[in-house]
Amino acid sequence: MKKHYKIALSIAGSDPSGGAGIQADLKTFSACGCYGATVIVAVVDENTVGVTDVHPIPVPFVTGQIKSVLDDIGADAVKIGMLHSTELILAVKKTLLNYNIKNLVLDPVMVATSGDKLLQDEAIETLKKELIPIVRIITPNIPEAEILLGKSIKSQKDLPDVVKELSFGNKVSVMLKAGHLSDEKLTDVFYNAETDEIIELTSERVHTKNTHGTGCTFSSAIASFLAHGLPLNEAVRQAKDYINKAIIAGADYEIGKGHGPVHHFFKYWE
Ligand SMILES: Nc1ncnc2c1ncn2[C@@H]1O[C@H](COP(=O)(O)OP(=O)(O)OP(=O)(O)O)[C@@H](O)[C@H]1O
Ligand SMILES: Cc1ncc(CO)c(N)n1
């Protein structure tokens, strides 16, 4: 009998320290039962402490890689991570529109956990106007939501209003991550634009420095569960459970001098 993998593709930057970017995405796809494919858009010189430099891959080479993967093996879901320039955002959009991919997950990566910028300022408008309207779900953190909306977000009680605004009147669902607020209970707020529902996903805050790549991991877990065919609400619930367990499992590891990674493979080994 012929068998078929559920295929998840990540279009993102490479983190040589292995905790964020393409590396986190591939680990997450693998842990969440998908066959992972990767298109690297930039090689980032970074580690748990910070970003030293970004080496962009030429844009035609990025679109060439996307075509090579999608023409051959296809994808049940595509996660888009760090896209550093306007030219790249437009080219990725144009290429993806040639394929009918329902499950496009956009993590609007702008700043690394270390505070370093990963998106050029002038590209923010392009991301908002060109890419957000074509994806199924976006996963901003609080600072990214503030930049997208051009206003500050002060407390947890603002999130249900903010999350709807981030849909910008498009049929785009929004997972607003609350990791950057300081409350002990951490409640991410999800707006399902397809059913017009708001869902709160609450967890205890884990006291750890190891939060490098939490955003990459969470969005890749959402892409994985969508690739499996789960409805949006169930996909985000299962992804939240996965990231929460990965943060808990990785919390006590000593790795690197800054923000260490989560433990992607907690189901398989300690
Ligand atoms: N200390 C923590 N304890 C428990 N859950 C956390 C913690 N920090 C982040 N999370 C969860 O991890 C997920 C990612 O959220 P976060 O706000 O950290 O994303 P991010 O800032 O985009 O990540 P990144 O560090 O990769 O840029 C969310 O579900 C969030 O609630
Ligand atoms: C390559 C890459 N993508 C995303 C992030 C955000 O965590 C990072 N630090 N590095």
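Checking the conditions here, which among Val59, Val49 is within 15 Å of ligand 2 (Cβ to nearest atom), open to solvent by 10 Å² or more (accessible area, probe 1.4 Å) and farther than 25 Å from Met175 by Cβ?
Numbers: Val59 fails: within 15 Å of ligand 2 (Cβ to nearest atom).
Residue meeting the stated conditions: Val49.
Which residues, counting only those in region 240-261, are within 16 Å of ligand 2 (Cβ to nearest atom) and in a helix (DSSP H, G or I)?
Matches in region 240-261: Ile243, Ala246, Ile247, Gly250.
Among the residues of region 136-147, which ones are away from ligand 2 (no atom under 16 Å from the Cβ) and buried (at least 18 other Cβ atoms within 10 Å of the Cβ)? Give the derivation first.
At the first step, the residues of region 136-147 found to be away from ligand 2 (no atom under 16 Å from the Cβ) are 136-137, 146.
Result: Arg136, Ile137.
State which residue pairs qualify: first residue closer than 19 Å to Arg237 by Cβ and among the β-branched types (Val, Ile, Thr) and inside region 161-180, second residue surrounded by fewer than 17 Cβ atoms within 10 Å (Cβ to Cβ) and modelled with pLDDT under 95 in any location, beta carbons under 7 Å apart, and separation of 6 or more residues or different chains.
none
Per-residue answers, yes or no, for (1) free of Cβ contacts under 8 Å to residues at least 12 places away in the same chain; (2) out of contact with any strand residue (DSSP E or B) (no Cβ under 6 Å at 6 or more places or on another chain):
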site: Tyr99; (1), (2): no, yes
site: Asn103; (1), (2): no, no
site: Leu106; (1), (2): no, no
site: Thr113; (1), (2): no, no
site: Ile124; (1), (2): no, yes
site: Arg136; (1), (2): no, no
site: Asn141; (1), (2): no, no
site: Glu146; (1), (2): yes, yes
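Could you say whether any residue in region 239-258 is surrounded by fewer than 17 Cβ atoms within 10 Å (Cβ to Cβ) and under 27 Å from Phe168 (Cα atoms)?
no
Of all residues in region 213-237, which are farther than 15 Å from Arg136 by Cβ, touching a residue at least 40 places away in the same chain (Cβ under 8 Å) and open to solvent by 10 Å² or more (accessible area, probe 1.4 Å)?
Hits for region 213-237 are Thr214, Gly215, Cys216.
Taking region 253-270 on its own, how many of its residues are in contact with a strand residue (DSSP E or B) (Cβ under 9 Å, 6 or more places away or on another chain) and touching a residue at least 60 places away in the same chain (Cβ under 8 Å)?
Going through region 253-270 one residue at a time, the tally reaches 7.
Output the residues belonging to region 214-234 that are under 19 Å from Gly179 (Cα atoms) and either away from ligand 2 (no atom under 14 Å from the Cβ) or charged (D, E, K, R) (or both).
Ala221, Ile222
Return the residue satisfying two criteria in turn: it lies in region 1-21 and is in a strand (DSSP E or B) and open to solvent by 10 Å² or more (accessible area, probe 1.4 Å), and of such residues it is farthest from ligand 2 (Cβ to nearest atom).
Ile7
Looking at region 3-58 only, could you name the residues that are out of contact with any strand residue (DSSP E or B) (no Cβ under 9 Å at 6 or more places or on another chain), of a type in the set (A, V, I, L, M, F, W, C) and within 17 Å of Leu118 (Cα to Cα)?
Within region 3-58, just Val49 meets the criteria.
Which one is farthest from ligand 2 (Cβ to nearest atom) among residues in region 32-41 that are of a type outside the set (Val, Ile, Thr) and surrounded by fewer than 22 Cβ atoms within 10 Å (Cβ to Cβ)? Don't jump to the end; show me each part of the working.
Start the filter on region 32-41 by keeping residues that are of a type outside the set (Val, Ile, Thr), which leaves 32-37.
If we keep only those that are surrounded by fewer than 22 Cβ atoms within 10 Å (Cβ to Cβ) too, we end up with 33, 35.
Values: Gly33: 23, Tyr35: 21 Å.
Restricting to residues being of a type outside the set (Val, Ile, Thr) and surrounded by fewer than 22 Cβ atoms within 10 Å (Cβ to Cβ), the top hit is Gly33.
Which ones in region 20-65 are more than 24 Å from Asp76 (Cα to Cα) and in contact (Cβ under 8 Å) with a residue 40 or more places away in the chain? Write out each step before concluding.
Initially, region 20-65 is screened for residues more than 24 Å from Asp76 (Cα to Cα), giving 43-58.
Listed by number, the residues that qualify are Val44, Glu46, Asn47, Thr48, Val49, Gly50, Val51, Val54.
The values are calculated or read from the model by the stated rules, or taken from the named source; none is laboratory data. Given the structure is predicted, the values throughout are model-derived calculations rather than measurements. Every residue, glycine as well, gets a Cβ built from its backbone with ideal geometry; the counts of neighbours run over all protein chains shown. The protein model used for the area step is the full one, side chains on, heavy atoms only, and it has no ligands, DNA or RNA in it. Shrake-Rupley method; radii C 1.70, N 1.55, O 1.52, S 1.80 Å.
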